[in-house]
1. Do we find a residue being within 37 Å of the chain's Cα centre (by Cα) and of a type in the set (D, E) anywhere in the stretch B:47-55?
2. With the condition kept exactly as written, say whether any residue in the stretch B:297-311 is more than 26 Å from A:E276 (Cβ to Cβ), of a type in the set (A, V, I, L, M) and outside any helix (DSSP H, G or I).
3. Taking the stretch A:323-335, which residues are closer than 30 Å to A:V187 by Cβ and surrounded by 20 or more Cβ atoms within 10 Å (Cβ to Cβ)?
4. Within the stretch B:85-95, does at least one residue satisfy the condition of being within 16 Å of DNA strand C (Cβ to nearest atom) and either among the β-branched types (V, I, T) or not assigned by TED's automatic domain parsing to the domain that holds B:L121 (or both)?
5. For the structure I just gave you, tell me whether B:T115 is at the interface with another protein chain (Cβ under 9 Å from one of its Cβ atoms), without any contact (Cβ under 8 Å) to a residue 40 or more places away in the chain and not in a helix (DSSP H, G or I).
6. Just checking, does the stretch B:92-111 include any residue being out of contact with any helix residue (DSSP H, G or I) (no Cβ under 6 Å at 6 or more places or on another chain), basic (K, R) and modelled with pLDDT under 95?
7. Restricting attention to the stretch A:95-112, and to residues there that are within 9 Å of chain B (Cβ to nearest Cβ) and part of a helix (DSSP H, G or I), which single residue is farthest from B:F97 (Cα to Cα)?
Protein chains: 2
Amino acid sequence: MGDQQVERRRRSTKTNPAQNNATVNDVAKLAGVSTATVSRTLNSPDVVRPEVRERVTMAIQKLGYIPNDSARALRQNQTRLIGVVVPTLSYALYADFFASLQKTLAEKGFFALLTTSEYDLQSEAEQAAKLIRQGAQGLVLVGRLRDKQLSRLLATSGVPYVTAYVFDPTDTIGSIGFDNARAVSEVVNYLVSLGHRKIAMLTGLTTNRNDRALARVQGYVTAMNAHQLPSDEWIAQAPYTIIGGRTALQEIFDKSLQPTAIVCGSDMLAIGALQECKARNIQVPQDISIVGFDDLEIAAHIEPPLTTVSVPSVSMGKAVGERIVEICLGLTIPSTPAFETSLIVRKTTAAPRD
Amino acid sequence: MGDQQVERRRRSTKTNPAQNNATVNDVAKLAGVSTATVSRTLNSPDVVRPEVRERVTMAIQKLGYIPNDSARALRQNQTRLIGVVVPTLSYALYADFFASLQKTLAEKGFFALLTTSEYDLQSEAEQAAKLIRQGAQGLVLVGRLRDKQLSRLLATSGVPYVTAYVFDPTDTIGSIGFDNARAVSEVVNYLVSLGHRKIAMLTGLTTNRNDRALARVQGYVTAMNAHQLPSDEWIAQAPYTIIGGRTALQEIFDKSLQPTAIVCGSDMLAIGALQECKARNIQVPQDISIVGFDDLEIAAHIEPPLTTVSVPSVSMGKAVGERIVEICLGLTIPSTPAFETSLIVRKTTAAPRD
DNA sequence: CAGTTAATAACAAATGCTTTCGTAATTTTC
DNA sequence: GAAAATTACGAAAGCATTTGTTATTAACTG
């Protein structure tokens, strides 16, 4: 049997030319130990004699050895990659959420693979599928409403996931968020307590089945009903942008409705509404009260400072990060209660005239 | 020789309990072919007979087989992971940049591993090191000023990288950005042409060696010198926040300086300056002109709309994505010229009084 | 129809690391 | 001082792929 070709093909497939190349084998050879010992010096230094450890460390230094994580991942079945799909990064809320999440993951030795869905559930499903294929060990998603395909994939692949920004009392392990509906209801209650009766709502697009937006509308409708106030006509939709806020408010006015207060599904909508009022010479809060949602940095700094609902993006990001890591590591998992939002009253709300 | 223990330890190390498990082997068995054929149906379908291909595809379907990317990465030495370190995500500029970059990478089949440095070069170095260890095939960094350690690591590891937001004419391959200094010089020139002589500058923190901020200050100083105007005293630093802008402007006023125009290193600083002026009953632009930098969405929508410098974050993100992929794939690489910024004149600039 | 060629698929090696098992060396125990 | 226990290290298997080489079959040629 000719086995003389064993050594023939060495280092044949080198996609990346200038890549670092030292392997655990090179280190072992240089340090005069076995690869097992090199691995141990790296992963459980305490079980290798200081003297040997030193030698190995020197060799690593000298060769500029960097462990190949693909190999480690393959062997340990552990990529330490968490896939994250957020609607967008252009909205500060999600950017902050992700920043917090990423920081938490980093502390645990995990990495975030970030993609955006642009508020499209089908795109979300595609992104998630790609992330799983790429080796994501766990997934973080925003919202609980999702594409059928994705539901199936999550089930069949068995990849654990955590959802953020909505709270599902039936899943206190995998959902971390707050009660969007209740938060908006409280806003409505506050406005009613101020004396408002004609309250409009500006919401983000619900056509693409955005469950956060949907829940906020729901909260508005519920509260209005509870106060026996009309709501159906008083709702306008637009994208979560300043322009969106302006056009949505125009739409309300175009129906000849005369709201004394406007509840917005996001601060950007509220800022747009504020501008539209300014353009029409409507005084805020004297003529119209406006309430935002999210409490972005800018909200406190516009004129007049915006009354809004503060959302715990940062603590949610942290909690989500901890949770998904716990699940991936198979640790025992305490259930998480809903996070709380809080109404931040600034200068865009007041009692209606007379 | 006893080799009866070969089969003893099977499937022993299973870190992740509920993970998908079908391997290429299972698929091969079910389809009645070899693993090689399964691999080929996936990667070069044209070389396998349609009939067989069909059988394999069915088996893949049936088992819900998802290729293990760690194994593929190991074998091909190709992780398709690009590490990205940006200063922060809380600033919309970088969020938009990343969004564009990520989208471009996704189109090429690559993924972004995102971390933030919080404007700290040492942290940047640490993040980059982690990313390389995690298997990043290429790196995207912001700015060209970096920690000594990181420079060394980049050199020894041979991991290719691209820098963004600054342009280095000596490296038209690895640097993609614009001329920060010139952009600010043009702002100064514009203000001088309007008749301004007392021009202050509000800059981001330069103490942590932020080369974008540094270059912007440099551009201000150069232009002021060219016009034989004083500049040294007229500079104040603060973090890139609204509050930062307010305190920085206060600092200027506290020196009893009476600027008629203020150049800001970012829109957030400009918005802060604007607020400070409002608080002091200073009219903008009648009493003081203010110019921002970045052209965030909000800039066009505050009152009065902000004159600012538009930065090509999105096209830069796209170019960076294409470039780093080209490099990783070893493609031929055209050099990139500097991107252009443009001054967007809105309502916060005017000629000074008399 | 024998012989060459082309097309497919199987075999088996190789990727870099971790980890089990075994053993040699050292320490502890009675 | 011999037996037992402990410690430190090496040999080699195994993780799930890809891929160069070889074997098989089918097609084609003169």
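1. no
2. Yes - at least one qualifying residue is present in the stretch B:297-311.
3. Hit for the stretch A:323-335 is A:R323, nothing else.
4. no
5. yes
6. So far as the stretch B:92-111 goes, no, none of its residues is out of contact with any helix residue (DSSP H, G or I) (no Cβ under 6 Å at 6 or more places or on another chain), basic (K, R) and modelled with pLDDT under 95.
7. Among those residues, the one meeting the criterion is A:A106.
Matching residues to (1) in contact with an Asp or Glu (Cβ under 9 Å, 6 or more places away or on another chain); (2) near DNA strand D (Cβ under 10 Å from one of its atoms):
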site	(1), (2)
B:V38	no, yes
B:P45	no, no
B:V48	no, no
B:K62	no, no
B:T79	yes, no
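The values are calculated or read from the model by the stated rules, or taken from the named source; none is laboratory data. This structure is a prediction, so every number in the text was calculated from the model and none was measured. Glycine gets a Cβ as well: all are built from the backbone with ideal geometry, and neighbour counts include every protein chain shown.
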